[in-house]
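Just below is one structure, and these are the notes that go with it.
The values are calculated or read from the model by the stated rules, or taken from the named source; none is laboratory data. Only a predicted model underlies this, so the values are computations on that prediction, with no experimental measurement involved. Counting neighbours? That spans all protein chains shown, and the Cβs are built from the backbone with ideal geometry, glycine included.
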Amino acid sequence: MRALLQTGRLDPGRRGALALAVVGLVAAVVAALVLLRGRPSEQPLTVPTVAGSVTTSAAPDLVVDVAGKVRRPGLVRLQTGARVDDALKAAGGVLPGVSTGALNLARKVADGEQVLVGLEGTVSAGGGPAGGLLDLNTAAAKDLDGLPGIGPVLADKIVSWRTEHGRFASVDQLREVGGIGESKYQALKSKVRV
């Protein structure tokens with residue numbers, strides 16, 4: 001042994017060399033497996049489902065009352081930017097044979113609005129629903145023209161104000177329309193609504 005240490009050479013022989021090669025190979029395989037297991041791998045993302053959930057979209061921003069000749073009249077919930085057509089679809093669509101010609105289906109709806117469907121035959125001489133008030137936010141210029149003291153020019157100014165500023169939030173905003181003074185406003189306020 002002393003001679004072995006002095007010469008610094010060790011000859012394990014053929015069997016010893018083969019044994020060392022096998023041990024080295026096993027060590028390399030084990031090291032490779034440890035490295036591969038420690039490496040992150042792609043896992044599919046699983047999203048838990050909640051019982052009874054129908055949709056994953058955000059909460060609706062608008063509530064619109066759809067009334068008249070639709071399959072399911074009542075309140076419908078819509079996303080911001082929804083149109084009259086979307087409100088009708090949410091109410092189940094119009095009943096067979098009902099015309100939507102009086103409605104602007106492309107018009108954006110606003111929160112709290114009422115959409116009346118198939119009530120063309122129930123307009124009174126004043127331009128509003130029979131026995132009711134004229135809605136400033138949905139009335140056409142021809143309907144506004146039927147109000148006392150409002151001619152075609154002033155009716156167009158009301159529609160232009162609505163187009164420029166959005167919906168009327170209150171009847172008091174009629175005072176902001178050019179050509180409507182205090183006396184004209186007093187005559188109109190009991191005949192219109194928002």
Residue count for segment 31-83, restricted to those that are surrounded by 13 or more Cβ atoms within 10 Å (Cβ to Cβ) and modelled with pLDDT under 60:
0
State whether the residues of segment 168-181 include one that is within 22 Å of Leu62 (Cα to Cα), loosely packed, with under 14 Cβ neighbours inside 10 Å and at pLDDT below 90.
yes
Ala155 fails exactly one of the following numbered conditions: (1) in a loop (DSSP other than H, G, I, E, B); (2) farther than 19 Å from Gly68 by Cα; (3) modelled with pLDDT of 85 or more. What is the number of that condition?
(1)
